[in-house]
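The values are calculated or read from the model by the stated rules, or taken from the named source; none is laboratory data. All values reported here derive from a predicted model rather than from experimental measurement. Cβ placement follows ideal geometry from the backbone for every residue including glycine, while neighbour counts extend to all protein chains displayed. Protein only, heavy atoms only, side chains kept; ligands, DNA and RNA dropped before computing areas. Shrake-Rupley method; radii C 1.70, N 1.55, O 1.52, S 1.80 Å.
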Amino acid sequence: EKYVRDLASYVDEKMKEVSQRTGGAAPLKVAVLAALNMSHELFQLRKEHHEKEGLVVEKTQKIIEMIESQFKG
């Protein structure tokens with residue numbers, strides 16, 4: 001229940017931001033623009049997550065290679 005209230009509060013906040021920037025546009029337009037803004041945020045966060053995940057995999061592989069080279073030599 002609290003989670004849903006937090007989500008609703010976040011959506012409300014985003015809609016108020018859009019409404020202020022658009023000078024009080026029609027509610028449907030505000031809702032669509034807010035949804036687009038939130039989608040953009042989500043996509044940016046996903047992109048950052050995938051990039052960081054790739055770095056972790058790359059660094060882990062290098063560490064494994066270093067450890068393996070110590071046991072071979």
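For the reader, a short list of remarks on this structure follows.
- Carbon/sulfur fraction of accessible area - the chain, other protein chains in place, 1.4 Å, %: 62 percent
- Per residue accessible area in Å² of the chain, where ligands, DNA and RNA are left out and the probe is 1.4 Å: 89 Å²
- Computed from backbone phi with θ = phi - 60° and the Karplus coefficients 6.51, -1.76 and 1.60, the 3J(HN,Hα) list for the range 57-62 is 4, 4, 5, 4, 4, 5 Hz; x is used for glycine and proline.
- Scalar couplings 3J(HN,Hα) for the range 9-19, obtained by applying the Karplus form with A = 6.51, B = -1.76, C = 1.60 to θ = phi - 60°, are 5, 5, 4, 4, 4, 5, 5, 5, 4, 5, 4 Hz; x denotes Gly and Pro.
- Magnitude of the charge dipole, the range 13-73, Cβ model with Lys/Arg +1 and Asp/Glu -1, debye to 20: 240 debye
- Stretched out straight at 0.36 nm per residue, the stretch from residue 61 to residue 38 would grow longer than its current Cα-Cα span by 4.8 nm.
- Label corresponding to semi-axes √(5λ) of the Cα gyration tensor in Å when calculated from the structure given, among (i) 27, 14, 9; (ii) 46, 14, 7; (iii) 25, 18, 12: (ii)
- Positive-end ranking of 33, 63, 22 along the dipole of the chain, with charges on Cβ about the Cα centre, is headed by 22.
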